[in-house]
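Some notes on the structure that comes next.
The values are calculated or read from the model by the stated rules, or taken from the named source; none is laboratory data. Computed from a predicted structure; not experimentally measured. Heads up, the Cβs are rebuilt from the backbone with ideal geometry, glycines too, and the neighbour counts pull from every protein chain shown. Calculation scope for accessible area: heavy atoms of the full protein, side chains included, ligands and nucleic acids excluded. Shrake-Rupley method; radii C 1.70, N 1.55, O 1.52, S 1.80 Å.
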Amino acid sequence: MADTVSYRPKAGEIPTQPGVYRFKDANGRVLYVGKAKNLRARLSNYFAPLRSLHERTRRMVTSASGVEWTVVATDIESLQLEYTWIKEFDPPFNVKFRDDKTYPFLAVTLADEAPRVMVTRNHKVRGARYFGPYPKIWAVRDTIDLMIKAFPIRTCSDSSYKHAMQTGRPCFPGQIGRCGGPCSGKVTIEEHRAIVDDFVAFMAGGDKRFVTAATKNMRAAAERQDYEAAAKYRDQLQALEAVLAKSAVVLRDRVDADLFGIEHDELAASVQQFIVRGGRIRGERSWTVDKELDLDTAELVDSILQSAYEGQEPPKEIIVPALPDDTEELETWLGARRAEARGRGTGKVQLRTAQRGEKAALMATATMNAKNNLMLYKTRRSSDFVARSQALTDIQEALGMTDAPLRMECYDVSHLSGTNIVASMVVFEDGLARKDQYRRFTIAESTDDTDSIHQVLTRRLAYLKEDPQAAERAEAEAQIFSDGESPVEPAKRKKFSYPPNLLIVDGGQPQVNAAARALEESGVQGIFLAGIAKRLEEVWLPDSDYPVILPRGSEALFMIQRLRDEAHRFAITHQRSRRKRDITSVLSEIPGLGPSRVRELLKHFGSVTQLKAAEPEAIAEVKGIGPQLATTIRETLSR
């Protein structure tokens with residue numbers, strides 16, 4: 001392999017000013033667009049020796065046949081030009097967004113003579129003010145139905161409005177009480193504009209002012225015995241309170257902010273956006289990002305914010321999990337978008353992270369939703385029949401297998417600082433998890449991960465040999481779980497099922513070689529072996545000097561990654577349950593310490609580590625634990 005690519009420009013040819021660069025292939029297609037404060041310093045990272053590059057970066061650089069750059073005057077201009085070129089060229093190695101165009105919004109067409117409120121998915125309505133997005137279209141319609149009771153503004157179409165104003169006859173929605181615009185004949189254009197301003201102000205977060213005013217007007221009308229007006233204000237107040245009841249109060253009244261929770265792995269990222277106006281969650285949306293290059297959270301934030309505020313007005317405050325390197329430039333760019341949306345010359349947007357308090361709590365909720373969405377995305381993708389069939393075919397071709405891997409087993413080893421070593425075996429058949437055939441292993445002694453892999457596979461492969469006694473021992477040494485969580489009764493236990501087509505271990509070349517040694521010693525034939533290394537998501541085969549690189553975003557890599565992650569989860573769960581059982585069994589052996597007191601101890605200290613470090617006086621503070629018993633507990637745990 002050459003040290004670097006042939007098209008590498010000379011260092012002196014690359015300027016040191018800020019700018020935007022484009023990698024192109026032999027056909028002139030733009031593969032990747034990036035920005036830099038110093039083009040020479042940034043591009044030098046791509047032209048380092050190829051063996052030192054991250055695998056995904058190396059694949060992009062070697063796929064390209066040239067690089068071009070454009071110098072700009074400021075860092076802000078480089079951000080704007082990068083955004084424009086990504087939209088224009090759609091480079092395959094830049095971040096790809098999924099499901100970002102499907103959410104409905106509530107829009108008010110402020111540029112019209114008589115603004116109307118409507119449901120739309122179009123982000124480019126001239127002069128419109130958007131609220132949302134909403135998770136479902138019925139949620140927008142419900143909000144509009146309630147809002148027009150409090151602020152009766154126009155809802156009819158432009159053609160109906162035009163015809164009503166020309167003929168002097170109310171529009172049909174106005175005749176049935178569904179439109180409050182000038183076309184209904186009830187208000188003038190100026191009066192309608194004032195109601196629209198109140199509508200927008202309330203939706204933007206001015207809650208208390210309108211609720212207080214409606215309450216005051218209702219009471220005043222009742223005192224002067226104008227009951228018709230009082231009933232009108234009562235209905236308005238009920239509508240306002242109903243809208244507020246649909247929005248959860250999460251922050252202080254005056255807080256307007258967007259929060260972005262991000263959860264990502266090597267292949268994809270999930271984004272959860274909470275839109276908070278007036279301290280209430282007014283809208284939310286989630287979408288998935290496909291990653292081609294290796295990006296950390298801060299770099300993802302940069303790309304996500306550019307996409308999230310395409311055609312939308314950013315709030316004053318945006319809370320993200322990590323700040324990108326170009327935070328100041330990104331704030332200026334977002335501020336310009338805010339000013340443009342509001343029709344003003346300047347705007348100010350601040351990016352920050354939430355460290356503590358109510359915003360940090362809401363950020364944790366957003367991140368939890370993003371994590372769940374990523375899990376759901378993976379599950380749905382795995383359950384798709386066409387995708388599964390394609391994945392199995394691609395794995396067969398990439399690894400040179402004679403048949404498709406209809407049964408795959410994956411093994412992972414987990415330990416705690418070299419102790420409490422356990423291993424897991426998960427099974428996928430036809431691309432779907434078979435949890436009834438998962439197995440867990442306990443390893444008494446091991447020198448390292450490779451030795452643990454060798455032990456586990458030796459025990460598993462023993463069943464495939466003709467020696468029935470070895471099979472019985474292998475079965476007895478494994479813990480059988482029917483649903484991945486609870487043991488099966490002995491009478492219902494099943495033997496290890498039939499041999500796998502493909503056996504996968506979590507790890508690189510050393511782990512694969514240890515597995516190959518166990519396979520060779522067992523004498524079992526017809527099983528293909530591979531390992532997946534987490535750092536670069538590369539697949540290793542036995543006695544191979546170079547890994548197999550599966551395309552990023554491919555169904556084959558996605559399925560192997562799912563297998564590895566499931567094996568890791570299963571092993572970690574087993575280890576944690578063993579640690580909990582270990583400390584519980586030790587405590588339960590102490591005279592006078594029953595199950596209820598053991599629970600109180602663990603609940604009080606929160607963790608086994610803190611309990612072991614506690615002095616007898618601190619242990620004695622727990623309900624039901626006296627000084628003498630506390631001393632006994634301390635001595636027992638010390639031993």
Show me the ranking of peptides 222-231, 555-564 by mean Cβ neighbours inside 10 Å, starting with the highest. 555-564, 222-231
Can you give me the long-range amide H partners of Leu31? Hydrogens built in the peptide plane at 1.01 Å from N, cutoff under 5 Å, separation of 5 or more residues or another chain. Phe23, Lys24, Asp25
Using only the Cα atoms of the stretch 1-59, build the gyration tensor, take square roots of its eigenvalues as a ≥ b ≥ c, and label the shape rounded, prolate or oblate: rounded if a/c is under 1.5, else prolate if a/b is larger than b/c, else oblate. oblate
Built amide H within the under 5 Å cut-off of Ala36, gap 5+: Gly19
Would you grab the residues whose amide H sits under 5 Å from the one on Gly283? Only those 5+ places off in sequence or on another chain, please, with H modelled 1.01 Å from N. Ile275
Averaged across orientations, what area in nm² does the convex hull of the alpha carbons in the stretch 267-357 project? 6.6 nm²
Gain in length, Ala364 to Asp235, computed as 0.36 nm per residue apart minus the alpha-carbon separation, to one decimal in nm? 42.7 nm
Here the FRET efficiency for Lys371 versus Ser157, based on Cβ atoms and R0 = 35 Å and rounded to 0.05, is 0.25
For the stretch 621-628, Karplus couplings with θ = phi - 60° (6.51, -1.76, 1.60), whole Hz, Gly/Pro x: 6, 6, 4, x, 10, x, x, 5
Along Cα→Cβ, 7 Å out, is where each label goes; now give me the distance between the ones at Ala48 and Tyr546 in nm to one decimal. 2.1 nm
Highest mean first, how do 452-462, 37-47 rank when packing is the count of other Cβ atoms within 10 Å averaged over residues? 452-462, 37-47
Each label point is 7 Å from the Cα along the Cα-to-Cβ direction; what then is the distance between the points at Lys435 and His123, in nm? 3.7 nm
If I take R0 = 35 Å and measure r between the Cβ atoms of Arg8 and Thr327 in this structure, what FRET efficiency does the formula 1/(1 + (r/R0)^6) give, to the nearest 0.05? 0.65
Protection proxy ranking, peptides 321-330, 391-400, average beta carbon neighbours within 10 Å, highest first: 391-400, 321-330
Express in Å², to the nearest 10, the accessible area of Trp540 obtained by rolling a 1.4 Å probe over the protein heavy atoms while all chains stay in place. 30 Å²
